[in-house]
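Each value in this text was obtained by applying a stated rule to the coordinates, not by laboratory testing. These numbers come from a predicted model, not from an experiment. All Cβ positions, even for glycine, are placed from backbone atoms using ideal geometry, and neighbour counts span all protein chains on display.
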Amino acid sequence: MISKAFRRLLSLPAADRSLLLRSLTLVAAAKLALWVLPFNIARKVLSVGSRRRTGTPDETPERIGVAVSRASEITGGSCLSQAVAAESLLLRCGHPVDFRIGVVKTDDGRLEAHAWVESGGRLIVGDLPQGLSAYSPLPPLPRVSG
C-alpha cells in the first residue's frame, strides 16, 4: 500500500518533485552536519559544489523557499537547518543569498535566536507567524563559497 504522502509526492510535476527531494536531502544533511560539526564548517560542507550551477532557470528563490519549508516540516528541521539548506540550494542555482540571524530577549530574560535567509532583499525561509520585527538582526554572515 502506498502512503498518502508518497502518492502526493508522485503526483507533483517532475521539476517540483526533484526540487523537493533535493530539499529533503539538504535539510536532513544540514540537521546532521549541525549536530556533529561547528556551524561555520557545516555551512561550508553544505556549500561544496555551489560553484557548479545545478539548478534550472525555473527554480526561483520563492520556489526554493517553498520546497525547503516543506522539507523542513517533513524532517522536523530547525530554523537553522532550514536556513543552511536554503542557502546551499540558492547558491547552487546561482541566486544571491543573505544568511541572517536575529536575537530577542524574552520577558523572562533569556536570549533567543532565529535564522532566516533572504535573496535579493526578499525573505525566502524563516518567516515566523508573528513576523521577524521583534528580532534584532546581527550583521549579515559572510558568504560561503563552494
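The local environment of V117, defined by Cβ-Cβ distances under 9 Å, has a net charge of -2 under the rule Lys, Arg +1 and Asp, Glu -1. 3J(HN,Hα) couplings calculated from phi for the range 125-134 with the Karplus curve 6.51 cos²θ - 1.76 cosθ + 1.60 (θ = phi - 60°) are, in sequence order, 9, x, 5, 10, x, 8, x, 9, 5, 6 Hz; Gly and Pro show x.
Each of T106, T25, T60, T75 was scored by other Cβ atoms within 10 Å of its Cβ. Listed from fewest to most, they are T106, T25, T60, T75.
Can you put K44, K105 in order of Cβ neighbours within 10 angstrom, beginning with the fewest?
With the sparsest Cβ surroundings first, the list reads K105, K44.
Please order E62, E87 by the number of other Cβ within 10 Å, starting at the fewest. Kindly include the intermediate steps, with their values, before the conclusion.
Values: E62 12, E87 29.
With the fewest neighbours first, E62, E87 line up as E62, E87.
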